[in-house]
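K.L.:
Below is the structure I would like to discuss, written out as structure tokens.
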Amino acid sequence: MSFLAQTAEDPSPEPIPGAADGRVHLFNGRTAEHYRRSVTDGVGLVAATVARAERPFTGITPAELAPEISGIDLERPLGDPDAALKELESVYLKDAVYFHHPRYLAHLNCPVVIPALLGEAVLSAVNSSLDTWDQSAGGTLIERRLIDWTAERIGLGEAADGIFTSGGTQSNLQAMLLARDEACTLVEKEATADGETIAKSAILPRLRILTSQVSHFSIQKAAAILGLGYEAVIPVPCDQDRRMRTVSLAHELDRCRREGLIVMAVVATAGTTDFGSIDPLPEIAELCARHGTWLHVDAAYGCGLLASPTRRHLLDGIERADSVTVDYHKSFFQPVSSSAILVRDRATLSHATYHADYLNPERSARNLIPNQVDKSIQTTRRFDALKLWLTLRIMGADAVGALFDEVVERAAEAWTLLDTDPRYEVVTEPQLSTLVFRYVPPSDGPCDPDLVDRANLHARDALAASGAAVVAGTVVDGRHHLKFTLLNPETSLGDIAYVLDLLAEHAGQYLALHIEPALSGPRHSRAS
């Protein structure tokens, strides 16, 4: 029953004013019961949908779904929450991709914990904005406490600080902003000491960022946004385990110095997107210290190790970073968005500070008013920290870390399964929970490697179209590969084996249909 119908049957002593102009839908003390019923109905619908979901995806295509959504007349509101939820079920919930399903094995999307969902419900209703103290008193202090907690887990020291962000891309962008301005400030100081002046515009073309060849693309985007250009990012070669080669890093640091270039930052990755590999952090930190270079660690994926009861040592060396990216909405099982940028020295956050008289005037800082906008490149920000706060207060960090440990262990078991399966070749043994592999036909059968590429692409597409499972894909050494990203502790080895059988079946069927035209091509070998 709709709220409007309910109010007609249950007359209140005093009617809610403004019903004709939409005020009946504003959340306040007068409409609290309307809010409770609407949200309860919505939560009930989601719960029922998730409970009966037998597969992670329906396989619907954009061409099939787009007409349904474009055909909805947004100028004619339904006026009834029940009707709107029913429509939403048809155009969204029915075909949504459900990350909670154990056979969703594609991207860095995690199932979420219930305490965080409770936090999401609270924060969206109260709708605090964490840019200034006078908009979110308690929220400001909760976020600051969580930043301190994370910095303590990393080991950054007493002067550490940070801010919540929308995700790893924004966290990496802010880290590069701080590193850029720190580098420019240092050059300007050196010039002043020599009795010279140098414009920032003259420094920027000399700045470089060193990062591994398999680091996240957001580093390149950050360089472009900051006015440095994509070419300012120098990829450093990796070893066979897809970890940055420190010998190559040392070579690039020396080369840049000889050529008069300024390495404003070295970006190490603790959990690469494609391979889950963790760069050798202690050795990289030592090189950065020797060269006086800012070290940023992108731990968007691997930050779950901070809570791991058994694997925290894999992040040894991260405590020497100047800045660190963490994505709680990956390996802390939080709903998006929930990320943060942490820095060793809180003073460096001043590079993101701008005082506006109408929002965060300088007198507020002098009076020690904790305005979070002073540290952020965002202004309006959701109280996303509340989700992590309730997770820690209800579950505790050890429980979160144990969940991440489970998926890492499952990935190790899956690697053994793949490594002994003649239908597949796997690229590298995982440090975290990502597996990159490729279907290959029997070694005694003639097959063009390009055809095998197409077979792997077809297998992924056919699997998604069936909705039975969802896997990712990537390119390694010029060849198309498949990828599992495990973030669901409910995913069993049996689920993984089942998906491997489906992929092999789809790829095998494709090759059977296309093998004849390829018979005259080069013979395929496992080494190709």
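The values are calculated or read from the model by the stated rules, or taken from the named source; none is laboratory data. What you see is a predicted model, and the numbers here were worked out from it, not measured in a lab. Don't worry about glycine lacking a Cβ; one is built from the backbone with ideal geometry, like all the others, and counts go over all protein chains shown. Remember, those area values only see protein heavy atoms, side chains included, never the ligands or the DNA or RNA. Shrake-Rupley method; radii C 1.70, N 1.55, O 1.52, S 1.80 Å.
K.L.:
Just checking, how many residues over segment 187-204 are open to solvent by 30 Å² or more (accessible area, probe 1.4 Å) and touching a residue at least 12 places away in the same chain (Cβ under 8 Å)?
P.N.:
Residues of segment 187-204 that are open to solvent by 30 Å² or more (accessible area, probe 1.4 Å), as a first pass: 188-190, 192-202, 204.
Filter once more, so that each one left must be touching a residue at least 12 places away in the same chain (Cβ under 8 Å): 188, 200, 204.
Total satisfying the criteria: 3.
K.L.:
Can you name every residue in segment 42-60 that is surrounded by fewer than 10 Cβ atoms within 10 Å (Cβ to Cβ) and in a loop (DSSP other than H, G, I, E, B)?
P.N.:
Correct list: GLU54 only.
K.L.:
Going by the conditions given, is SER201 small (Gly, Ala, Ser) and modelled with pLDDT of 95 or more?
P.N.:
In short, no.
K.L.:
Could you go through segment 249-266 and let me know if any residue there is β-branched (Val, Ile, Thr), closer than 14 Å to ASP322 by Cα, outside any strand (DSSP E or B) and in contact (Cβ under 8 Å) with a residue 12 or more places away in the chain.
P.N.:
Within segment 249-266 (the criterion being β-branched (Val, Ile, Thr), closer than 14 Å to ASP322 by Cα, outside any strand (DSSP E or B) and in contact (Cβ under 8 Å) with a residue 12 or more places away in the chain), the answer is no, since none of the residues qualifies.
K.L.:
Still on this model: So is LEU435 among the hydrophobic types (A, V, I, L, M, F, W, C), over 19 Å from LEU117 (Cα atoms) and touching a strand residue (DSSP E or B) at 6+ places or on another chain (Cβ under 8 Å) or not? So that I can check it myself, show each step before the final result.
P.N.:
Numbers: among the hydrophobic types (A, V, I, L, M, F, W, C): yes; over 19 Å from LEU117 (Cα atoms): yes; touching a strand residue (DSSP E or B) at 6+ places or on another chain (Cβ under 8 Å): yes.
So LEU435 fits the description; yes.
K.L.:
If I ask for residues that are closer than 21 Å to SER277 by Cβ and in a strand (DSSP E or B), which ones from segment 433-476 would you list?
P.N.:
Initially, segment 433-476 is screened for residues closer than 21 Å to SER277 by Cβ, giving 433-438, 471-476.
Selection gives THR434, LEU435, VAL436, PHE437, ARG438, VAL471, ALA472, GLY473, THR474, VAL475, VAL476.
K.L.:
Restricting the search to segment 331-343, which residues are in a loop (DSSP other than H, G, I, E, B) and crowded, with 23+ Cβ neighbours inside 10 Å?
P.N.:
Of everything in segment 331-343, those that are in a loop (DSSP other than H, G, I, E, B) and crowded, with 23+ Cβ neighbours inside 10 Å turn out to be PHE332, PHE333, GLN334, SER338.
K.L.:
Mind checking which pairs have a first residue in segment 211-240 that is under 20 Å from THR474 (Cβ atoms) and basic (Lys, Arg) and a second that is assigned to a helix (DSSP H, G or I) and modelled with pLDDT of 95 or more, Cβ under 9 Å, 6 or more apart or different chains?
P.N.:
From segment 211-240, the pairs are LYS221/THR169; LYS221/ASN172; LYS221/LEU173; LYS221/TYR230.
K.L.:
Scan segment 61-89 for residues that are without any contact (Cβ under 8 Å) to a residue 40 or more places away in the chain, among the small types (Gly, Ala, Ser) and surrounded by 12 or more Cβ atoms within 10 Å (Cβ to Cβ) and jot them down.
P.N.:
ALA84
K.L.:
Only one of these is modelled with pLDDT under 95 and farther than 30 Å from VAL471 by Cβ: GLY42, GLY18. Name it.
P.N.:
Matching residue, one of GLY42, GLY18: GLY18.
K.L.:
Could you list all residues from segment 125-147 that are in a helix (DSSP H, G or I), of a type in the set (Gly, Ala, Ser) and either buried (at least 19 other Cβ atoms within 10 Å of the Cβ) or without any contact (Cβ under 8 Å) to a residue 12 or more places away in the chain (or both)? Break it down into steps so the answer makes sense when it comes.
P.N.:
First, pick out the residues of segment 125-147 that are in a helix (DSSP H, G or I): 125-126, 133-135, 137-147.
So of that shortlist, the ones also of a type in the set (Gly, Ala, Ser) come out as 125, 137-139.
Correct list: ALA137, GLY138, GLY139.
K.L.:
Give the residues of segment 436-469 that are open to solvent by less than 10 Å² (accessible area, probe 1.4 Å), without any contact (Cβ under 8 Å) to a residue 60 or more places away in the chain and out of contact with any Asp or Glu (no Cβ under 6 Å at 6 or more places or on another chain), sorted by residue number.
P.N.:
Across segment 436-469, the qualifying residues are PHE437, ALA455, ASN456, ALA459, LEU463.
K.L.:
Filter segment 275-286 down to the residues that are touching a helix residue (DSSP H, G or I) at 6+ places or on another chain (Cβ under 9 Å), under 30 Å from LEU105 (Cβ atoms) and open to solvent by less than 10 Å² (accessible area, probe 1.4 Å) and list them by number.
P.N.:
GLY276, ILE278, ASP279, LEU281
K.L.:
Pairs only if they're at least six apart or on different chains, beta carbon under 8 angstrom, first in segment 42-59 and within 16 Å of LEU105 (Cα to Cα), second of a type in the set (Asp, Glu); list them, first residue then second.
P.N.:
Qualifying pairs under 8 Å: PHE57/ASP95; THR58/ASP95.
K.L.:
Would you say ALA289 is assigned to a helix (DSSP H, G or I), over 18 Å from SER215 (Cβ atoms) and open to solvent by 10 Å² or more (accessible area, probe 1.4 Å)?
P.N.:
The answer is yes for ALA289.
K.L.:
Does segment 172-183 contain at least one residue that is modelled with pLDDT under 95, farther than 28 Å from ALA307 by Cα and charged (D, E, K, R)?
P.N.:
No; the residues of segment 172-183 include none that is modelled with pLDDT under 95, farther than 28 Å from ALA307 by Cα and charged (D, E, K, R).
K.L.:
Of all residues in segment 365-386 being in contact (Cβ under 8 Å) with a residue 24 or more places away in the chain and polar (S, T, N, Q), which is most open to solvent (accessible area, probe 1.4 Å)?
P.N.:
My answer is THR380.
K.L.:
Of the conditions (1) surrounded by 15 or more Cβ atoms within 10 Å (Cβ to Cβ); (2) over 26 Å from ASP239 (Cβ atoms), ASP501 clears all except one; give me its number.
P.N.:
Unmet condition: (1).
K.L.:
Kindly indicate whether any position in segment 479-486 is in a helix (DSSP H, G or I), modelled with pLDDT of 95 or more and not hydroxyl-bearing (Ser, Thr, Tyr).
P.N.:
Within segment 479-486, not a single residue is in a helix (DSSP H, G or I), modelled with pLDDT of 95 or more and not hydroxyl-bearing (Ser, Thr, Tyr).
K.L.:
Any idea how many residues of segment 344-367 are part of a loop (DSSP other than H, G, I, E, B) and either among the hydrophobic types (A, V, I, L, M, F, W, C) or in contact with an Asp or Glu (Cβ under 9 Å, 6 or more places away or on another chain) (or both)?
P.N.:
Looking only at that region, the number is 8.
K.L.:
For segment 255-274, name all the residues that are open to solvent by 10 Å² or more (accessible area, probe 1.4 Å) and either at negative phi or among the basic types (Lys, Arg) (or both).
P.N.:
Result: ARG255, ARG257, ARG258, GLU259, LEU261, ILE262, VAL263, THR273, ASP274.
K.L.:
Looking at segment 95-117, can you tell me whether even one residue there is in a helix (DSSP H, G or I), polar (S, T, N, Q) and either open to solvent by less than 60 Å² (accessible area, probe 1.4 Å) or modelled with pLDDT of 95 or more (or both)?
P.N.:
no
K.L.:
Here is a further query. Tell me which of these ALA412 doesn't satisfy, since it passes every other one: (1) touching a residue at least 24 places away in the same chain (Cβ under 8 Å); (2) more than 20 Å from the chain's Cα centre (by Cα); (3) open to solvent by 40 Å² or more (accessible area, probe 1.4 Å).
P.N.:
Failing condition for ALA412: (1).
K.L.:
Okay, next question. Quick one: is ILE203 among the hydrophobic types (A, V, I, L, M, F, W, C) and not in a strand (DSSP E or B)?
P.N.:
Spelling it out, ILE203 is indeed among the hydrophobic types (A, V, I, L, M, F, W, C) and not in a strand (DSSP E or B).
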